[in-house]
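To start, the structure itself, in structure tokens.
The values are calculated or read from the model by the stated rules, or taken from the named source; none is laboratory data. Here the structure is a predicted model, which is why all the values come from computation and not from measurement. Heads up, the Cβs are rebuilt from the backbone with ideal geometry, glycines too, and the neighbour counts pull from every protein chain shown. Heads up: the accessible areas ignore ligands, DNA and RNA and are worked out on the full protein's heavy atoms, side chains in. Shrake-Rupley method; radii C 1.70, N 1.55, O 1.52, S 1.80 Å.
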Amino acid sequence: MKKLAIATLIAAIALPLAACGGKGDDKLGSQVEAAGENRADALEATADNLEDRAEEVRDNAERQSDAIDDADVNAQAMPQAQKDALVNGSEKLR
């Protein structure tokens, strides 16, 4: 009878501890979640920066197009390499 009482007492103490976790998994889970949030924030910041850069590229291309139109460039007399450089954005109309 004494052994049964001791076993019951041990089970009564161990059961609530097992239910609480007590293995550090809550802390680890929180760390994983926080790290994931940080990575997601970094990706969103990168995306915002890329959007800003894309807008700059569009604006520059529009300004270059306007400059070509305003200069009334003779595109037929222009070498193909220069045309390609203008189209690719590696050269600007002077």
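Keeping to region 76-88, report how many residues are in a helix (DSSP H, G or I) and surrounded by 10 or more Cβ atoms within 10 Å (Cβ to Cβ).
First, pick out the residues of region 76-88 that are in a helix (DSSP H, G or I): 76-77, 80-88.
Restricting the remaining residues to those that are surrounded by 10 or more Cβ atoms within 10 Å (Cβ to Cβ) gives 82-87.
Counting residues in region 76-88 that are in a helix (DSSP H, G or I) and surrounded by 10 or more Cβ atoms within 10 Å (Cβ to Cβ) gives 6.
Does residue 35 satisfy the criteria of being open to solvent by less than 100 Å² (accessible area, probe 1.4 Å), among the aliphatic types (A, V, I, L, M), under 30 Å from residue 89 (Cβ atoms) and free of Cβ contacts under 8 Å to residues at least 40 places away in the same chain? Give the derivation first.
Details: open to solvent by less than 100 Å² (accessible area, probe 1.4 Å): yes; among the aliphatic types (A, V, I, L, M): yes; under 30 Å from residue 89 (Cβ atoms): no; free of Cβ contacts under 8 Å to residues at least 40 places away in the same chain: yes.
So residue 35 does not fit the description; no.
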